[in-house]
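Accompanying notes for the structure given below.
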Amino acid sequence: MKTPFTPLIESLPAYIPFVAPETIERKRGIRFTTRIGANESVFGISPKARAAIENSIDSISCYSDPEWGDLREAIADKHQVHTENISVGAGIDDLLGLAVRVFLTNRTAAVASLGSYGVFHYHLDGYGVKCITTPYLNDGFNNLEALAKLAHGNASPMVYLSNPDNPAGTCYSAKDIQAFINKLPIYCMVVIDEAYIDFAPEGTALSINDLDPRVLQMRTFSKAHGLAGSRIGYIIASKEVVQAFDKVRLHFNVNRIAQAAALGSLQDPEFIQGVVEQVAVGRSEYEGLAKDLGLNVIPSSTNFVNFDAGNQVRAQAILDQLIQHGIFIRKPGAPPLDRYFRITVGTPEQRQHLASVLPQVIAEVDSVLKQV
Ligand SMILES: *Cc1c(COP(=O)(O)O)cnc(C)c1O
């Protein structure tokens, strides 16, 4: 007897592409002392978010507000748009799936950089949509020219771009992004994933003044706001796009506690500014550490830094060795960025620990690599 899965499900690989630190711990029988691999915030949450969470606990027996009332208004207010331009979801990861569903079919192909944010590609696979890719440039920037060319050449209805970028950490100015959008086919949506926008220099966020019907911006409370575990993010887009999301999204898609936490956090911009400043300190500390070790970095506009190990084998060996020492990090998977290992900005204590372990790890790796 055979279980009647669809051909699409049969065709998908059984493995899950995102290996969580908890999974690594269970598999290797180790405990991570230092969790600086998933770009989570190590700087906590706003006291206002904490109070909002505590105050919402007793209402958890009720379903959440399916239209995200007060929160949606606060978000619209922040961006000076109408509430009809905002749709909230269980993180960008959730919203990316909806975007794929709304704009793509198995007869069309998306366009993105090779090795770009994995969840987008995961959804494409899950909905049976192909993706045409082009590698990152050698310096870690998305190849905008090639992406635009691919969109035209494949008559693609969607280009995905993370700005600032994960995994690279690079970012383009809003002006460059706007020029890129102007080069895309008129029938092509561009999804700009702005998960790291809080950390980016002034002039990075795409202007929202006149909402282009082809542009979909995505934001999250997972990074600077420190609410990754609560699962909440949103899109800024035309009213039509928001209405299309309404057709397919889960009605009660974001739980009450997450909605309350996000609203509380939005009301505390000083706290977020403090996080951004602490991240900037950590970033430059990582740059100094890399320099001391003779490694280049990709200048970062995010809360992580990519260290250049020179080649993929050495980068992977350093990552494995750090994990062995209880330090969880990740690395970009595709060339040319697979020669880097990526480290999230940790607390001052975590950074100090990393700085004490990394030189020894590199020495160990290099002595082993020399023998083969
Ligand atoms: C971390 C990250 C996200 C996370 O989004 P959630 O809101 O936590 O689902 C989205 N996009 C990129 C590029 C990220 O690095």
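Among the candidates 30, 75, the residue that is closer than 30 Å to residue 352 by Cβ and β-branched (Val, Ile, Thr) is uniquely 30. Checking each residue in segment 329-351 for being open to solvent by 70 Å² or more (accessible area, probe 1.4 Å) and either farther than 25 Å from residue 301 by Cβ or assigned to a strand (DSSP E or B) (or both) picks out only 330. Note on segment 184-212: among residues that are more than 30 Å from residue 228 (Cβ to Cβ) and surrounded by 13 or more Cβ atoms within 10 Å (Cβ to Cβ), the one that is farthest from the ligand (Cβ to nearest atom) is 185.
Taking the listed residues 76, 109, 99, 90, the one that is of a type in the set (A, V, I, L, M) and free of Cβ contacts under 8 Å to residues at least 40 places away in the same chain is 76, with no other qualifying. Of note, residue 354 does not satisfy the criterion of being buried (at least 19 other Cβ atoms within 10 Å of the Cβ), touching a residue at least 12 places away in the same chain (Cβ under 8 Å), touching a Phe, Trp or Tyr at 6+ places or on another chain (Cβ under 7 Å) and assigned by TED's automatic domain parsing to the domain that holds residue 29. Evaluating residue 93 against the criteria (1) more than 16 Å from the ligand (Cβ to nearest atom); (2) open to solvent by 40 Å² or more (accessible area, probe 1.4 Å); (3) not aromatic (Phe, Trp, Tyr) leaves one unmet condition, (1). In summary, helices (runs of 4 or more DSSP H) completely within segment 15-101 and bearing 1 or more residues that are under 24 Å from residue 115 (Cβ atoms) occur at 21-28.
The values are calculated or read from the model by the stated rules, or taken from the named source; none is laboratory data. This one's a predicted model, so the numbers in the text were calculated from it and none came from an experiment. Please note: Cβ atoms are built from the backbone with ideal geometry, for glycine as well, and neighbour counts cover all protein chains shown. Surface areas here come from the heavy atoms of the whole protein model, side chains and all, with no ligands, DNA or RNA. Shrake-Rupley method; radii C 1.70, N 1.55, O 1.52, S 1.80 Å.
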